[in-house]
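The values are calculated or read from the model by the stated rules, or taken from the named source; none is laboratory data. For clarity, every value in this text was computed on a predicted model and none was experimentally measured.
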């Protein structure tokens, strides 16, 4: 089982290294948000007495780079099914759970690399964490976010055959999750209905934990953030394994 997981992880790494266009495209959107929102609302945010907007925005943009890279793993499942590679993989004498975990860890590693590159971009435009030592636990939070959304993308990709349908579903789910996660605005003082929606968004807890570790500001607590992220990651890995085991090739 361990060897199967390693082989699937290694395959994801090789695919990522060969896909330079994917690297450029995945960095373009976070950079656009970082520059336009960061500098566009910087003066307004500062005038409201909330500090530097670049500092506040950076953790959310880093999470954005991770999320959008993670869900791409679902399209890879559909591509592999269409071109026959998935069938070759499925006949291997290993469990489908091991194959799914290997794909998920590989996709999450790719997403974590993307998030690290976005972190570098935020440093270039002026973001400075309050403690460089806390970047290590922040990286762990980034890894949990990557696992959650890679497992989610894989689970959805295992159930669908239409790539256009996959993209529509991802846009319908992921974009609202991102905008309601507190990535672009503080969670304090929200209307009651919106505050409840935010509480059911797992990305809210990931960004909150990153913001606490990077700039010392949070809405929930680190314990709550960590418990939710670990629980959702375990649940989605189980759900993704179930769907992947029942996939028709």
Legend entry - Given (1) at pLDDT 75 or above; (2) part of a helix (DSSP H, G or I); (3) more than 17 Å from the chain's Cα centre (by Cα), index of the condition residue 64 fails: (3)
Legend entry - segment 105-149, residues that are more than 12 Å from the chain's Cα centre (by Cα) and under 30 Å from residue 246 (Cα atoms): 105, 106
Legend entry - helices (runs of 4 or more DSSP H) lying entirely in segment 159-243 (those with 3 or more residues that are under 30 Å from residue 102 (Cα atoms)): 163-179, 202-215
